[in-house]
């Protein structure tokens, strides 16, 4: 009589591990290509992140913030004299008001072109460190229009290339180890 072999038999586990090692070896070059694209700045890894002005209003009128995770950037048009501009953030009920520091912070973009084609905008301020505010009002310095976007930070998208290369190397090692450990044994 022959014994029934269970689903978790040694041969089934070896076969599954060998297949997983093969899949890891096939996936490694794909992650290496993603790493190369990240390092070279190709495709969606490249260039500057587009800035889209989501809401705008005439100078002196409140503009609703998007309250994104990254904070909001406040922009102005046309040519703006930042030394004469003042901006104030407030809660929707007006109970909390905060004077914003005007001008681009260290490492942040000073000017951007709107992705929707509304022209060049000058950074007035950022709200990334503020909680409980939902409106911003800016005026002065030749300011005609105030706009709000998600804060693009320094404008780069980051370079995840190195992480993809490390993961590709990990997959190669994992695949080779699994293939070697599960290779058919000669008797």
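The values are calculated or read from the model by the stated rules, or taken from the named source; none is laboratory data. Only a predicted model underlies this, so the values are computations on that prediction, with no experimental measurement involved. Ideal geometry is used to build each Cβ from the backbone, glycine not excepted, and the neighbour counts take in all protein chains shown.
Overview of results
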quantity	calculated
Candidates 122, 66, 145, filtered to the one that is over 30 Å from residue 163 (Cα atoms) and either without any contact (Cβ under 8 Å) to a residue 60 or more places away in the chain or surrounded by fewer than 15 Cβ atoms within 10 Å (Cβ to Cβ) (or both)	122
Selection status of residue 95, in contact with a strand residue (DSSP E or B) (Cβ under 7 Å, 6 or more places away or on another chain) and either part of a strand (DSSP E or B) or surrounded by fewer than 17 Cβ atoms within 10 Å (Cβ to Cβ) (or both)	no
Exclusive hit being exposed (fewer than 14 other Cβ atoms within 10 Å of the Cβ), modelled with pLDDT of 90 or more and over 30 Å from residue 115 (Cα atoms), set 1, 19	19
